[in-house]
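The values are calculated or read from the model by the stated rules, or taken from the named source; none is laboratory data. The structure displayed is predicted, hence computed values, not measured ones. Cβ placement follows ideal geometry from the backbone for every residue including glycine, while neighbour counts extend to all protein chains displayed. For accessibility, only protein heavy atoms count, side chains too; no ligands or nucleic acids. Shrake-Rupley method; radii C 1.70, N 1.55, O 1.52, S 1.80 Å.
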Amino acid sequence: MPDGKAVTVLVADDNEVAQRLCRRVLEKAGHRVLTASDGLEAVNIALAEGPDMILMDVAMPGIDGLEAMRRIKAEMPAMPIVIASAHSMASDRERFLAAGADNVLSKPFRLADLVSIVAKLAQDQKAQNQEKDGL
């Protein structure tokens, strides 16, 4: 990415079409994409690969996205996680944010919204890194 804001995003979704769409649009925006098809795989990849952020579907086989997020946040509390869910009521959004999500995308979401959220999180991370480095 020309502005140096490329990040690695873990897309955790059991829907292969959703994975491919997210991968395509994020890679086109200059980001690196990892994928997981269930919650446990998402936890394992997050802990092993240390992506810059995670897009986590709530409804996945095995452990769901919320449990996967809890496990990841227990080990990596600062990991930005965006929950993607078909549950779009305000109370659902509040519940996901209270559980530790940094943002929530209601499915179906516009791919442009995903790119915007990733760009914002990347910008925030860059600013935090510069603060740590004393720049």
The number of residues in region 1-32 that are surrounded by fewer than 20 Cβ atoms within 10 Å (Cβ to Cβ) and not in a loop (DSSP other than H, G, I, E, B) is 13
Any chance residue 101 is more than 10 Å from residue 12 (Cβ to Cβ), of a type in the set (A, V, I, L, M) and open to solvent by less than 20 Å² (accessible area, probe 1.4 Å):
yes
Taking region 27-37 on its own, how many of its residues are of a type outside the set (Ser, Thr, Tyr), free of Cβ contacts under 8 Å to residues at least 60 places away in the same chain and touching a strand residue (DSSP E or B) at 6+ places or on another chain (Cβ under 8 Å)?
5
Residue under evaluation residue 108, criteria (1) closer than 19 Å to residue 125 by Cβ; (2) without any contact (Cβ under 8 Å) to a residue 24 or more places away in the chain, criterion not met
(1)
What number of residues in region 94-114 are part of a strand (DSSP E or B) and in contact with a helix residue (DSSP H, G or I) (Cβ under 7 Å, 6 or more places away or on another chain)?
3
Is it the case that residue 12 is in contact (Cβ under 8 Å) with a residue 40 or more places away in the chain and touching a His at 6+ places or on another chain (Cβ under 8 Å)?
no
I'm told residue 111 meets every condition in (1) surrounded by 17 or more Cβ atoms within 10 Å (Cβ to Cβ); (2) modelled with pLDDT under 90 except one. Can you identify the failing condition by its number?
(1)
When you look at residue 102, is it charged (D, E, K, R) and either under 27 Å from residue 6 (Cα atoms) or without any contact (Cβ under 8 Å) to a residue 12 or more places away in the chain (or both), yes or no?
yes
Kindly provide the set of residues from region 38-49 that are loosely packed, with under 15 Cβ neighbours inside 10 Å and either touching a Pro at 6+ places or on another chain (Cβ under 8 Å) or in contact (Cβ under 8 Å) with a residue 40 or more places away in the chain (or both), ordered by number.
49
Neighbours by Cβ (under 7 Å, 6+ apart or cross-chain): first from region 74-91, farther than 20 Å from residue 120 by Cα; second open to solvent by 80 Å² or more (accessible area, probe 1.4 Å)
75/47
Counted residues in region 57-93 being part of a helix (DSSP H, G or I), closer than 18 Å to residue 14 by Cα, open to solvent by less than 50 Å² (accessible area, probe 1.4 Å) and not aliphatic (A, V, I, L, M) come to 1
